[in-house]
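**Q** Handing you a structure now.
The values are calculated or read from the model by the stated rules, or taken from the named source; none is laboratory data. These numbers were taken from a predicted model, which means no experiment stands behind them. Cβ sites come from the backbone with ideal geometry, for glycine too, and all protein chains shown count toward neighbours.
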């Protein structure tokens, strides 16, 4: 069993997937269960997740994401949508503008780490045209697509990217 630190260190953006290896239902369930366990403002879970395995729908997601072809190659895409009105019902304008977005991205990050812990690869995609994605998945009115995660068995692992030094991104306030 991997610990959290090893999982985080081993997370890479995978853009090449094994075509003949679908994500098993028990792994998909574990990933979604982990996403739903993520913390959220007021425990409202102001998000909705679309789990897409259909080849045709993945092709539409690829088109909505400016043709990023690796999306169509992944056997699974998770589309995370915020539900601003759900959050606004409890937290007014700040909930609508911020908390729903935070809830959604935290759930997506948990799902991405769960995928790595399950021996899968993933990539986070934020570059897409909203309306074609909404149309392709028939996303419920009021939901706002925030992120797409591609998930599958890696065909190759990318080279490690350089990271900024901690002292560049952290200020210790003592």
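A quick yes/no check of all residues on (1) within 13 Å of residue 65 (Cβ to Cβ); (2) surrounded by fewer than 21 Cβ atoms within 10 Å (Cβ to Cβ); (3) touching a residue at least 60 places away in the same chain (Cβ under 8 Å); (4) in contact with a helix residue (DSSP H, G or I) (Cβ under 7 Å, 6 or more places away or on another chain):
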residue: 138; (1), (2), (3), (4): no, yes, no, no
residue: 141; (1), (2), (3), (4): no, yes, no, no
residue: 149; (1), (2), (3), (4): yes, no, yes, yes
residue: 155; (1), (2), (3), (4): no, yes, yes, no
residue: 158; (1), (2), (3), (4): no, yes, yes, no
residue: 170; (1), (2), (3), (4): no, yes, no, no
residue: 174; (1), (2), (3), (4): no, yes, no, no
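**Q** Could you check residue 121 against (1) crowded, with 17+ Cβ neighbours inside 10 Å; (2) at pLDDT 95 or above and say which number it fails?
**A** Failing condition for residue 121: (2).
**Q** Look at segment 87-107 and say how many of its residues are surrounded by fewer than 24 Cβ atoms within 10 Å (Cβ to Cβ) and in contact with a strand residue (DSSP E or B) (Cβ under 8 Å, 6 or more places away or on another chain). Step through it out loud before you land on a result.
**A** First, pick out the residues of segment 87-107 that are surrounded by fewer than 24 Cβ atoms within 10 Å (Cβ to Cβ): 88-99, 101-102, 105-106.
Narrowing the set further to residues that are in contact with a strand residue (DSSP E or B) (Cβ under 8 Å, 6 or more places away or on another chain) leaves 101, 105.
Residues in segment 87-107 being surrounded by fewer than 24 Cβ atoms within 10 Å (Cβ to Cβ) and in contact with a strand residue (DSSP E or B) (Cβ under 8 Å, 6 or more places away or on another chain): 2 in total.
**Q** Same structure, new question: Filter segment 120-174 down to the residues that are closer than 24 Å to residue 20 by Cα, assigned to a loop (DSSP other than H, G, I, E, B) and over 15 Å from the mean Cα position of the chain (by Cα) and list them by number.
**A** 153, 155, 156, 157, 158, 159
**Q** (1) surrounded by fewer than 16 Cβ atoms within 10 Å (Cβ to Cβ); (2) without any contact (Cβ under 8 Å) to a residue 40 or more places away in the chain: which one isn't true of residue 42, the others all being true?
**A** Evaluating residue 42 over (1) surrounded by fewer than 16 Cβ atoms within 10 Å (Cβ to Cβ); (2) without any contact (Cβ under 8 Å) to a residue 40 or more places away in the chain leaves (2) as the failure.
**Q** Which residues, taken from segment 9-39, are buried (at least 17 other Cβ atoms within 10 Å of the Cβ), over 14 Å from the mean Cα position of the chain (by Cα) and at pLDDT 95 or above?
**A** 23, 27
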